[in-house]
Amino acid sequence: MIDFSQFDSLIAMTMYFNNEAVCRNAIVETRWGIGEEQDIVCPYCGQHHCATRKDGKFRCNHCKRNFTCKVGTIFEDSNLSLVK
Ligand SMILES: [Zn+2]
């Protein structure tokens with residue numbers, strides 16, 4: 001999980017989160033963990049261990065819905081890039 005205390009200034013944090021992939025990874029890690037500890041939970045039905053798709057989205061094998069790491073967060077309805 002991202003340790004936000006590692007950033008000693010807003011500029012340092014802005015420089016770290018300088019592309020969408022880094023931002024997406026930070027959200028995924030914060031919500032669902034990393035590596036073998038990772039457990040993607042469906043934001044629609046609560047099913048655990050959802051599949052990761054090749055395009056970086058996720059698919060629930062219970063309710064069969066696809067979702068991104070933004071669904072269910074404050075970023076879901078935003079048109080702004082994650083970097084912003
Ligand atoms: Zn589901």
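Each value in this text was obtained by applying a stated rule to the coordinates, not by laboratory testing. These numbers were taken from a predicted model, which means no experiment stands behind them. Note: ideal-geometry Cβ built from the backbone for every residue, glycine included; neighbour counts use all protein chains shown.
Backbone amide hydrogens, once placed in the peptide plane, bring ILE40 within less than 5 Å of HIS49, CYS50, excluding anything fewer than 5 places away on its chain. The slack in the chain from GLN47 to ASP8, taken as 0.36 nm per residue of separation less the alpha-carbon distance, amounts to 10.3 nm. The angle separating the long axis of helix 20-32 from the principal Cα axis of greatest extent in the chain is about 60 degrees. Within the shell defined by Cβ-Cβ distances under 15 Å, the residues around ASN79 carry a net charge of -1, with Lys and Arg each +1 and Asp and Glu each -1.
Peptide packing: for 4-17, 40-53, 69-82, the average count of neighbouring Cβ atoms within 10 Å per residue gives the ranking 40-53, 69-82, 4-17, highest mean first.
Please list log₁₀ I(q)/I(0) at q = 0.24, 0.25, 0.27 Å⁻¹ for the chain, using the Debye equation with identical point scatterers on the alpha-carbon positions. Listed by q, the Debye log ratios stand at -1.25, -1.31, -1.42. Based on Cα contacts under 8 Å between residues 6+ apart, region 7-67 shows a relative contact order of 17 percent. Working out 0.36 nm times the residue gap between ASN25 and SER78, then minus their Cα-Cα distance, what length gain in nm do you get to one decimal? 17.3 nm is the gain from fully extending ASN25 to SER78. In order along region 78-83, the Karplus-derived 3J(HN,Hα) couplings, from 6.51 cos²θ - 1.76 cosθ + 1.60 at θ = phi - 60°, round to 8, 8, 6, 5, 5, 4 Hz, and Gly and Pro are given as x.
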